[in-house]
Amino acid sequence: MPEVASRNHLDMLAPVVDEALETAGIGFGDLTGIAVTNGPGLIGALLVGLSAAKAYAYALGIPLVTVNHLEGHLHSIFIEGQKNSALPLESSLPLLTCLVSGGHTNLYLLRGLPPRMLMPQRLSQSRDDAAGEAFDKCAKLLGLPYPGGVHLDRLARGGNPAAFKFPRPLPGKNLEFSFSGLKTAVLTELKNAGFVPHIWGEPDFSKLPQGALLADYCASIQEAIVQTLAKKIRLAIEQTGAKSLAVVGGVSANSRLRALLAEKVRVPMLFPAPPYCTDNAAMIGACGLFAFERGEALESEALLRAGAFSS
Ligand code: KG4
Ligand code: ZN
């Protein structure tokens, strides 16, 4: 509900900024710049963040940079520097990056490292639903809370991934993804088994699978998603000659995806630490820091010009 999301942003933004500064043990006077997300996303929520960031920057007399949300995710592996890479970052190029979130399933080839990285070449995307969206929509049919990916991941650990054969779409050498058919396949399977898939209101658990059967559904749904991701990632490594792989975005926290890639992928892999997989401000800060280094910041006086962000 976009309108509710924007209003919640309005209520939460200032207290969250205050808490972040307190946790870091610094004050507003210690800040030398501000980075803020300018898209893609829900426009109402973005406007709240952007307006607040402009106001802070202008009031404090410090410069501001805007950051693309997807570029932010790509930077989540650089937040901790070399810490989660066995390979020196310089020798990891070209780096295949799979961005798997609630809104995107994109493969990119990175040929440079920050601060010169900029938005890299996109090799493929999803034709319809994103991988995280598929997790969430299937989890909802089973009556699990939103966002369902993390619940499905947890419940799947006790289940049989071969219990149900859900579709693995777009076979062959194509690097594109398609996940929209999965929810229909799950819906049909549930109905055929005599269940009432949850669509509106409160779930009626007496009409939904429970216990071991619920775990089997979760494991089979998860397997369909992660096998497809792993297959396309391997193909992309083969086709591009990538020397290493990074997986970022909310779904990169998935335990089965990490285990399967460790088994199937031969090149060194990089994952963000768990708090930096799902949406977070640290990745926007990391990306913003490099933008400051490249001299892309707007000085506070420029913030008042109409169209300051039009390019
Ligand atoms: O990156 P993110 O926080 O937000 C977007 O930019 O979309 O990703 C959110 C997505 C949701 O669909 C959520 O269900 C999924 O990431 N997710 C997971 C897990 N943790 C979060 N999916 C599968 N397994 C997880 N452990
Ligand atoms: Zn995101």
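Note on the chain: antiparallel DSSP beta bridges, both residues inside, total approximately 45 percent of the bridges counted. Rounded to the nearest 20, the Cβ-based charge dipole of the chain about its Cα centre (Lys and Arg +1, Asp and Glu -1) stands at 1360 debye.
If the chain linking LEU235 and LEU89 were pulled fully straight, counting 0.36 nm for each residue of separation and taking away their Cα-Cα distance, it would gain 50.3 nm.
Here VAL17 and GLU293 are evaluated by their C-beta separation; at R0 = 22 Å the FRET efficiency comes out at 0.40. Annotation: lysines with alpha-carbon distance below 16 angstrom to LYS207 (same-chain offsets under eight excluded): LYS140, LYS191. Each part gets one Cα centre, and for the stretch 111-166 versus the stretch 8-26 those centres are 29 Å apart. In degrees between 0 and 90, to the nearest 10, how far off the longest principal axis of the chain does helix 211-240 point, with axes built from Cα atoms? It works out to around 60 degrees.
Close amide-amide hydrogen proximity is noted between LEU123 and LEU107, TYR108, LEU109, each under 5 Å apart and 5 or more residues distant or on a separate chain (H modeled in the peptide plane; Pro and chain starts excluded). Qualifying chymotrypsin sites (Phe, Trp or Tyr not before Pro) in the stretch 169-227, where qualification requires a DSSP coil assignment and no more than 15 other C-beta atoms within 10 Å, comprise TRP200. Straight-line cross-link reach from LYS264 at under 25 Å between alpha-carbon atoms covers these lysines, not counting any fewer than eight positions away in the same chain: LYS83, LYS165, LYS173, LYS231, LYS232, LYS243. Helix 43-60 and the long axis of the chain differ in direction by around 30°, with both axes built from C-alpha atoms.
Taking the square roots of five times each eigenvalue of the Cα gyration tensor of the chain, the equivalent ellipsoid has semi-axes of 36, 25, 16 Å, listed largest first. Taking the chain as a Gaussian network of alpha-carbon nodes connected by springs under 10 Å, the highest mean-square fluctuation of the residues GLU80, GLU71, GLU22 belongs to GLU22.
Here's the list of aspartates and glutamates a cross-link from LYS183 could span, going by alpha-carbon distance under 18 Å and ignoring same-chain residues fewer than 8 apart: ASP128, ASP129, GLU133, ASP136, ASP153, ASP216, GLU223. Listed values for the stretch 121-130 are Karplus-derived 3J(HN,Hα) couplings in whole Hz (6.51 cos²θ - 1.76 cosθ + 1.60, θ = phi - 60°), namely 5, 8, 8, 6, 8, 8, 6, 9, 5, 7, and x replaces Gly and Pro. Here each label is just a point 7 Å from Cα along the line to Cβ, and for ALA59 and ILE43 those points are 2.7 nm apart. The calculated FRET efficiency for ASN280 paired with ASP204, based on their beta-carbon distance and R0 = 45 Å, is about 0.80.
Given the options HIS151, HIS69, HIS104, which has the most mean-square fluctuation in a GNM of the chain, springs set between C-alpha atoms less than 10 angstrom apart? Comparing HIS151, HIS69, HIS104 in a Gaussian network model of the chain, the most mobile one is HIS151. Close amide-amide hydrogen proximity is noted between GLY39 and HIS69, each under 5 Å apart and 5 or more residues distant or on a separate chain (H modeled in the peptide plane; Pro and chain starts excluded). The phi torsions of the stretch 13-24, fed into the Karplus equation with coefficients 6.51, -1.76 and 1.60 and a -60° offset, translate into couplings of 4, 5, x, 5, 4, 4, 5, 4, 5, 4, 4, 6 Hz, rounded to whole numbers, with Gly and Pro shown as x. Against the chain, whose longest principal axis is taken from its Cα atoms, helix 180-192 shows a tilt of about 40°. Kirkwood radius, the stretch 212-311, all distinct C-alpha pairs, inverse of mean reciprocal distance: 16.8 Å. Computed over protein heavy atoms with a 1.4 angstrom probe, the accessible surface ordering of MET1, MET283, largest first, is MET1, MET283.
So for the chain, averaging the separation of alpha carbon pairs under 8 Å that are six or more residues apart and normalising by length, what relative contact order in percent results?
After rounding, I find 24 percent.
The values are calculated or read from the model by the stated rules, or taken from the named source; none is laboratory data. The model shown is predicted, which means the values in this text are computed figures rather than measured ones. Reconstructed Cβ throughout: ideal geometry from the backbone, glycine too, with neighbour counts over all protein chains shown. Heads up: the accessible areas ignore ligands, DNA and RNA and are worked out on the full protein's heavy atoms, side chains in. Shrake-Rupley method; radii C 1.70, N 1.55, O 1.52, S 1.80 Å.
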